[in-house]
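None of the figures in this text is laboratory data; all of them are computed from the coordinates on show. Nothing here was measured: the structure is a model prediction, and the numbers come from that model. All Cβ positions, glycine included, derive from the backbone under ideal geometry; neighbour counts span all protein chains shown.
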Amino acid sequence: MLTHFTPLDHLLLKCQHFWRFEPFHESRSRQHRFANTPLATWLDGLSASDAHTLKHDVSSVYQQLQTFIPELKDIEPLVALEHSSTMPLELDSHLATGIPGRKLEQITAMGSQALSAHSGVEWLEWCAGKGFLGRILAHHSGQSVTSFEWQQPLCEYGQAEALKQNLPVTFIQGDAFHCDHQHVFNNKQHAVALHACGDLHVSLMKHAMDHQLAALSIAPCCYHLIQDDQYQPLSSLGKQSALTLSKSELRIPLQETVTGGERVERHRYQEMSYRLGLDELLREELGLSEYQPIPSVKKSQLQLGFIEFCKWAAQRKGFELPDCDFKRYQRLGEERFARMEKLSLVQMAFHRPLEMWLILDKSLYLQEHGYKVHLTEFCEKKITPRNILIHAVL
Ligand SMILES: C[S@@+](CC[C@H](N)C(=O)[O-])C[C@H]1O[C@@H](n2cnc3c(N)ncnc32)[C@H](O)[C@@H]1O
């Protein structure tokens, strides 16, 4: 896998025009970046239902787009990962208490992999939240777990649960970026980090190297939650690369979401088309040339319809709504939504390649520091799209 970094790097650099944009904003004009090309003709020819079907079938997207972006012919082997061969753990009901459905599936899948590839004689659960994974590892291995977490209430909840279940778990409340290292790390630990965001999983890798941790199992997420303005590559190859990624571009791989069913999709359609419609209204009626970000909105507010949404947004943002043809702006919003969805299909072909580039940069960095690295998909994408596990053993 690690040899895939360079070809992926070249492909992403060569194809920047196809992924380095925001479909929400690009949808403003029919004269978007692909206008007057065979790709635009193909996009225009897609029905809403075609676009919807393709959105859930990335292999077809790769195939169909190859005609317009020949580099995609080589993409599938570069992003394919071995699926985990271990069975998810079977849990006693008391261990599963309080763990929400999808989180439980993630934890039993990741826990099973961490246990089957365990190295070391104790565990460190990094950015532990309520410590669900740590308790399961303590129960199944009988080994002690240090659960490190920032939020005091989560530490208290997790510690109380561990005591109730008589498990050898100790919570340490602290900040990943400023912690008392002697109390947290030692070289007998196998560290696990399920969905530790951006800089948090990077900080674990750095601590692991400083303290020679025996093993790491990391499922990264939220790549954009970093302190710098741009991604800071870690590996030598990453540092040599000309690919730069801003915080907003680091969100691109996260656009791949789990399908939430018909109700969730209907709600998204309504919200996005209202936002886009209001954008059109503000530009045309008030002459605003910049996009006005509107805060998050409750479902109950959306249910009141487009005009009420505009009134609500006007009140929140302090602008005066003109008397205008709201129906027309609602329709323009719906048209923009359709265009945005089609433009997103092009960017979608690069979600996983971008994520793999980030994952491989981190993996190469671990390898450069003496770790043997193995990459897998620890669960199906429908359980979480952030399903890549970096497993590293010293
Ligand atoms: C996405 S949650 C994952 C929690 C848990 N691993 C899970 O999968 O359920 C990330 C966790 O990191 C914690 N966190 C955020 N910033 C932190 C910091 N600076 N130091 C330690 N933990 C932090 C948050 O409080 C949160 O519990």
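Distance between the 7 Å Cα→Cβ label points at Asp74 and Leu13: 1.3 nm. Placing unit charges on the Cβ atoms of the charged side chains and taking the dipole of the chain about its Cα centre, the candidate lying farthest along the positive direction among Ser296, Tyr231, Gly370 is Ser296.
Given +1 at the Cβ of Lys and Arg, -1 at the Cβ of Asp and Glu and no other charges, the dipole of region 186-290 around its Cα centre is 600 debye to the nearest 20. Each of His178 and Leu163 was given a label point 7 Å from its Cα along the Cα-to-Cβ line. The distance between the two points is 2.9 nm.
Ranking Ser29, His56, Phe18 by how far each Cα lies toward the positive end of the dipole of region 1-97 (charges on Cβ) leaves Ser29 at the top. Under the convention that each Lys and Arg Cβ holds +1 and each Asp and Glu Cβ holds -1, the size of the dipole of the chain around its Cα centre is about 460 debye.
Taking GluC sites (Glu not before Pro) in DSSP loop states with no more than 12 other Cβ atoms inside 10 Å as exposed sites, the chain has its longest site-free stretch at 91-289.
When you work out D = kT/(6 pi eta Rh) for region 214-370 at 10 °C and 1.306 mPa s, using the Kirkwood radius from C-alpha pairs as Rh and the Stokes-Einstein form, the result is 85 µm²/s. Of Lys188/Lys372; Lys239/Lys362; Lys103/Lys298; Lys130/Lys164; Lys299/Lys342, which sit over 18 Å apart, Cα to Cα? From Lys188/Lys372; Lys239/Lys362; Lys103/Lys298; Lys130/Lys164; Lys299/Lys342, over 18 Å: Lys103/Lys298; Lys299/Lys342.
Taking 7 Å steps out from each Cα toward its Cβ at His83 and Glu377 produces label points 0.7 nm apart.
The charge dipole of region 260-394, taken about its Cα centre with unit charges on the Cβ of Lys, Arg, Asp and Glu (plus for the first two, minus for the last two), comes to roughly 420 debye.
Among Ala80, Ala349, Ala196, the largest mean-square fluctuation in a Gaussian network model of the chain (Cα springs under 10 Å) belongs to Ala80.
Between the beta carbons of Arg331 and Gln255, assuming R0 = 25 Å, the FRET efficiency works out to 0.45 to the nearest 0.05. Calculated FRET efficiency, Glu284 to Leu304, Cβ-Cβ distance, R0 = 30 Å: about 0.85 to the nearest 0.05. Of the trypsin sites (Lys or Arg not before Pro) found in region 252-360, those in coil by DSSP whose Cβ has at most 13 other Cβ atoms within 10 Å are Lys298.
Using the Cβ-Cβ distance between Lys206 and Glu265 with R0 set to 51 Å, the FRET efficiency works out to roughly 0.80. Derived scalar couplings between HN and Hα for region 126-141 equal 8, 6, 6, x, 7, x, 4, 5, x, 5, 5, 5, 4, 5, 7, 9 Hz in order, rounded to whole Hz, by the Karplus curve 6.51 cos²θ - 1.76 cosθ + 1.60 (θ = phi - 60°), x for Gly and Pro. Among Tyr274, Tyr62, the ranking by other beta carbons within 10 Å of each residue's beta carbon, starting with the fewest, stands as Tyr62, Tyr274. Annotation for region 175-237: chymotrypsin sites (Phe, Trp or Tyr not before Pro) lying in DSSP loop with at most 15 further Cβ atoms inside 10 Å of their Cβ are Phe177.
Couplings for region 16-22, taken from phi via the Karplus curve 6.51 cos²θ - 1.76 cosθ + 1.60 with θ = phi - 60°, read 3, 4, 8, 10, 8, 7, 10 Hz in order; Gly and Pro are left as x.
Give me D for the chain in µm² s⁻¹, whole number, from Stokes-Einstein with Rh from the Kirkwood sum over alpha-carbon pairs, 4 °C and 1.567 mPa s. For the chosen part, D equals 56 µm²/s.
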